[in-house]
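Okay, so here's the structure we're looking at.
The values are calculated or read from the model by the stated rules, or taken from the named source; none is laboratory data. Note that the coordinates shown come from a computational prediction; the quantities given were computed from them, not determined experimentally. Here the Cβ positions follow ideal geometry from the backbone for every residue, glycine too, while neighbour counts run over all protein chains shown.
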Amino acid sequence: MAKGKKTGGRQKGTPNKENPLKGYLRAHSLAYFEPRVQTDPVTGGLREIQRQRLTQDAEGNVYKVIDLIPLTDSKGNPVTMSDFEADMIALNPNERVNAELRLLEFHTPKMKAVEVDMDVRGSVTTIEDRLRELCGESDEDEDD
């Protein structure tokens, strides 16, 4: 191999090949986070999302209840929000917090544990003691 000269391989500055699958996934992901008018994709009418919750009756029986939440404003018009935001509304508070925490992992750096093994030996010395030591004087010389 010649030193200092490139003799083969890809030329400098050549971009990577486009991967169709990666391009599709990137476009799909971006569309998921872009705001749009929330209408039902099948009927074209108002979109409702389902939120599940547990409820307990007077006898102690636990039931799963599904609430339908319409994605409309105060006038009954469809709201403009991303599909991500609509999906977050559908989650119960505990699931929503877990989803937010998992997403934060992609935006915050991971902290590494640092292990410190120190061994401190010696006595406590003041600045004056250190200066005397550097000048070659001792405490006994000062008493004279």
Failed item in (1) under 23 Å from LEU103 (Cβ atoms); (2) modelled with pLDDT under 90; (3) exposed (fewer than 10 other Cβ atoms within 10 Å of the Cβ), with GLU18 passing the rest: (1)
Just need a number here: residues in region 42-87 that are modelled with pLDDT of 90 or more, within 22 Å of GLU100 (Cβ to Cβ), part of a strand (DSSP E or B) and among the β-branched types (Val, Ile, Thr). 1
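What's the total number of residues in region 88-144 that are of a type in the set (D, E, K, R), at pLDDT 85 or above and either surrounded by 10 or more Cβ atoms within 10 Å (Cβ to Cβ) or more than 30 Å from ILE66 (Cα to Cα) (or both)? Before you say what the answer is, go through the steps one by one.
In the first step, residues of region 88-144 are kept if they are of a type in the set (D, E, K, R); the result is 95-96, 100, 102, 105, 110, 112, 115, 117, 119, 121, 128-130, 132-133, 137, 139-144.
Going one step further and asking which of them are at pLDDT 85 or above, we end up with 95-96, 100, 102, 105, 112, 115, 128-130, 132-133.
Next cut, either surrounded by 10 or more Cβ atoms within 10 Å (Cβ to Cβ) or more than 30 Å from ILE66 (Cα to Cα) (or both) only: 95-96, 100, 105, 112, 115, 128-130, 132-133.
Number satisfying all stated conditions: 11.
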Can you say whether GLY122 is part of a loop (DSSP other than H, G, I, E, B), in contact with a strand residue (DSSP E or B) (Cβ under 9 Å, 6 or more places away or on another chain) and either acidic (Asp, Glu) or over 21 Å from GLN52 (Cα atoms) (or both), as far as the supplied structure shows? no
For PHE84, are the conditions met, namely being in contact (Cβ under 8 Å) with a residue 40 or more places away in the chain, surrounded by 12 or more Cβ atoms within 10 Å (Cβ to Cβ), touching a helix residue (DSSP H, G or I) at 6+ places or on another chain (Cβ under 8 Å) and of a type in the set (Phe, Trp, Tyr)? yes
Qualifying residue in region 22-32 (condition: over 26 Å from PRO93 (Cα atoms) and part of a loop (DSSP other than H, G, I, E, B)): no
Members of region 28-56 that are surrounded by fewer than 10 Cβ atoms within 10 Å (Cβ to Cβ), free of Cβ contacts under 8 Å to residues at least 12 places away in the same chain and either small (Gly, Ala, Ser) or in contact with a strand residue (DSSP E or B) (Cβ under 7 Å, 6 or more places away or on another chain) (or both): GLY44, GLY45, LEU54, THR55, GLN56
